[in-house]
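Right, one structure below, let's go through it.
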Amino acid sequence: MKSAQVHLIRLSSGGTELICEGLFSHPNEIWDLASCPFDQRIFSTVFSTGSFFDLDLRLFLPYFGALDIVFFVVEGESYGAAIWQIPELYGQLNSPQLERIASLDAHVAKINCVLWWPSGRHDKLLSIDDENIFLWTLDCSKKAAQVQSKESSGMLHYLSGGAWDPHDMNAVATTCESSVQFWDLRTMKKTNAIERAHIRNANYDMKKSHILVRI
């Protein structure tokens, strides 16, 4: 299992230099990292937790007509997500381990990203895997995260990421293959979609409402 390092970087007062204020060990290989918008010491990661082997059972009807049962051993990668807090540095460059606030452990499918509402303090966060979108309630003081609601992307749709509308905490856009899906978090239902958008990633304009930038 691969480990990773998280660097705490500060921009100098002159805006011309990046200064490393801390170096922290993360126990797993990181695939996604997102900062908490209301506390600079808190962030989320999506990470791989190692390989797994699954047993796949398939039935064959060969040419000679007999029914065969064939077992396949399938290797894959498992993923996790967690919320972390950076400890106080007290002038040290190499500080103690990151403090795990909560694990987002309700996922079964591959986790792609964790979303924070970008416009200020909010006790909710989102996690998106290949098949589902989860709305969590986060309590940092109690070091707990609970699933408030969950919804599937639907048959034959695979989610890859998303963006939380900074002007409306109830609106989220998710990228799904070549389309964009829009969700109302109050009902956890899709309200609209843009098909054949040929999109890889998306984000909202922080200054103007109803503006979605796609890549």
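Taken together, the values in this text are just the output of simple stated rules run on the coordinates, not laboratory data. Please read these numbers as outputs of a predicted model, since none were measured by experiment. Note: ideal-geometry Cβ built from the backbone for every residue, glycine included; neighbour counts use all protein chains shown.
Go through 97-105, 6-14, 172-180 and give me the packing order, highest mean Cβ count within 10 Å leading.
Going from most to least packed, we get 172-180, 97-105, 6-14.
Bin by bin, in steps of 5 Å, what percent of the Cα pairs in region 150-215 do you find, going until the bin that has the longest distance?
For region 150-215, the binned pair fractions read 4, 19, 31, 26, 15, 4, 1 percent.
Which FRET efficiency value, to the nearest 0.05, do you get for Y158 and S3 by plugging their Cβ-Cβ distance into 1/(1 + (r/R0)^6) with R0 = 35 Å?
The formula returns an efficiency of 0.75 here.
Just the ratio, please: alpha-carbon radius of gyration of region 77-163 over 2.2 N^0.38 Å, N its number of residues.
This ratio for region 77-163 stands at 1.24.
How much space per residue, in cubic angstrom, does the convex hull of the C-alpha atoms of region 1-53 take up?
So the per-residue Cα hull volume is 94 Å³.
So, in Å, what gap is there between the alpha-carbon centers of region 11-35 and region 164-215?
Using only Cα atoms to place each centre, the spacing works out to 28 Å.
Could you check the simple spin-label distance between M188 and E151, using points 7 Å along Cα→Cβ, in nm with one decimal?
0.9
Give me the number: length gained by fully extending L11 to K207, i.e. 0.36 nm times residue separation minus the C-alpha to C-alpha distance, one decimal in nm.
Details: separation 196, 0.36 × 196 = 70.56 nm, distance 2.32 nm.
Result: 68.2 nm gained on full extension.
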